[in-house]
Amino acid sequence: MKIINLTEKSAVYTSNVFLVTGTWNNLEDVNTLVDVGMDQSIIKKIEESSTGVGKSKVDQVILTHSHSDHVGILPLIREVFNPQVYAFSPYIGGVDNLLKDGEKLRMGDQMFEVYHTPGHSSDSICLYCENDGVLFVGDTPIIIRSTDGYYSEDFVRFFEQLCRKDVRAIYFGHGEPIVNECRALIMDSLKNVRKSQATKIEKM
């Protein structure tokens with residue numbers, strides 16, 4: 001699997017936009033955009049990317065949530081590449097397929113599992129690849145250092161599941177990825193989430 005951040009040096013306020021392709025650009029690989037952002041210059045970058053001969057440059061788009069900095073140029077992406085579009089929310093214009101928690105999708109040459117992670121938004125999702133240990137989180141808070149937040153039971157269960165996974169790289173909706181000590185950071189975050197929950201119960 002290859003992952004390219006198309007907005008790494010963007011001059012426009014935008015989320016990160018990741019192009020996920022297969023390592024060898026085989027015909028069965030599914031060229032995927034994780035979010036589409038706000039920067040129209042990614043169109044040229046996609047067209048110049050090596051995505052396989054005789055294949056669509058973008059087979060599918062997966063939206064991590066519905067905030068405008070993540071979905072802004074979706075109409076343009078649809079017009080240029082005509083991909084299938086996936087999202088958890090039914091209220092995003094241009095979505096072809098609604099995602100479900102636990103659903104599995106092929107991205108590039110690997111399979112990813114969908115995790116519904118409401119918190120940052122009601123329709124936020126994360127995407128995890130067991131084989132490569134890759135986790136796309138959008139704007140879902142994964143590195144939690146505070147112990148005074150509020151987290152739903154669903155969110156706590158998600159963290160507990162995540163701590164049992166071999167996460168080796170975390171790709172965020174904003175900022176640089178983390179590729180070292182990912183599992184330890186997630187475990188520390190779960191401890192802080194649990195402390196927050198315990199504090200909330202004590203105050204009730």
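The values are calculated or read from the model by the stated rules, or taken from the named source; none is laboratory data. Note that the structure is predicted; figures quoted are calculated from it, not measured. We place every Cβ from the backbone using ideal geometry, glycine too, and count neighbours over all the protein chains shown. With ligands, DNA and RNA removed, areas are computed over all heavy atoms of the protein, side chains included. Shrake-Rupley method; radii C 1.70, N 1.55, O 1.52, S 1.80 Å.
A compact table of results
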{"quantity": "Residues of the stretch 20-70 that turn out to be under 23 Å from Ser121 (Cα atoms) and open to solvent by less than 10 Å² (accessible area, probe 1.4 Å), as a count", "calculated": "12"}
{"quantity": "Where a residue in the stretch 172-193 is in contact (Cβ under 8 Å) with a residue 24 or more places away in the chain and its partner, wherever it lies, is among the polar types (S, T, N, Q) and surrounded by 18 or more Cβ atoms within 10 Å (Cβ to Cβ), with Cβ under 7 Å and at least six apart", "calculated": "Phe172/Asn16; Gly173/Ser15; Gly173/Asn16; Gly173/Thr64; His174/Ser15; His174/Asn16"}
{"quantity": "Pairs where the first residue, in the stretch 2-15, is assigned to a loop (DSSP other than H, G, I, E, B) and the second is open to solvent by less than 70 Å² (accessible area, probe 1.4 Å) and acidic (Asp, Glu), C-beta under 7 Å, 6+ apart", "calculated": "Thr7/Asp39; Ser10/Asp39; Val12/Asp39; Tyr13/Asp69; Thr14/Asp39; Thr14/Asp69; Ser15/Asp35; Ser15/Asp69"}
{"quantity": "Where Cys126 falls short, out of the listed (1) of a type outside the set (Asp, Glu); (2) touching a Phe, Trp or Tyr at 6+ places or on another chain (Cβ under 9 Å); (3) crowded, with 20+ Cβ neighbours inside 10 Å; (4) part of a loop (DSSP other than H, G, I, E, B)", "calculated": "(4)"}
{"quantity": "Flag if Ile77 is of a type in the set (Val, Ile, Thr), assigned to a helix (DSSP H, G or I) and open to solvent by 10 Å² or more (accessible area, probe 1.4 Å)", "calculated": "no"}
{"quantity": "Gly102 vs. criteria without any contact (Cβ under 8 Å) to a residue 24 or more places away in the chain, open to solvent by less than 50 Å² (accessible area, probe 1.4 Å) and closer than 30 Å to Tyr13 by Cβ", "calculated": "no"}
{"quantity": "The stretch 91-123, residues that are farther than 13 Å from Thr64 by Cα and either in a loop (DSSP other than H, G, I, E, B) or in contact with a helix residue (DSSP H, G or I) (Cβ under 9 Å, 6 or more places away or on another chain) (or both)", "calculated": "Tyr91, Gly93, Gly94, Asp96, Gly102, Glu103, Asp109"}
{"quantity": "Enumeration of residues in the stretch 133-149 that are more than 20 Å from Gln197 (Cα to Cα) and buried (at least 19 other Cβ atoms within 10 Å of the Cβ)", "calculated": "Val134, Leu135, Phe136, Val137, Gly138, Asp139"}
{"quantity": "Residue check, Phe155 under 20 Å from Asn5 (Cα atoms), aromatic (Phe, Trp, Tyr) and in contact (Cβ under 8 Å) with a residue 12 or more places away in the chain", "calculated": "no"}
{"quantity": "Test: Glu103 is closer than 19 Å to Thr140 by Cβ, of a type in the set (D, E, K, R) and within 18 Å of the chain's Cα centre (by Cα)", "calculated": "yes"}
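Here is a yes/no grid of residues against (1) touching a residue at least 60 places away in the same chain (Cβ under 8 Å); (2) among the basic types (Lys, Arg); (3) within 25 Å of Asp132 (Cα to Cα):
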residue	(1), (2), (3)
Ile77	no, no, no
Phe81	no, no, no
Val85	no, no, yes
Ser89	no, no, no
Asp109	yes, no, yes
His116	no, no, yes
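Quick grid of which residues meet (1) at pLDDT below 90; (2) out of contact with any Ser or Thr (no Cβ under 6 Å at 6 or more places or on another chain):
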| residue | (1), (2) |
| --- | --- |
| Leu99 | no, yes |
| Gly102 | no, yes |
| Gly108 | no, no |
| Gly119 | yes, yes |
| Asn131 | no, yes |
| Phe136 | no, yes |
| Glu153 | yes, yes |
| Arg157 | yes, yes |
| Gln161 | no, yes |
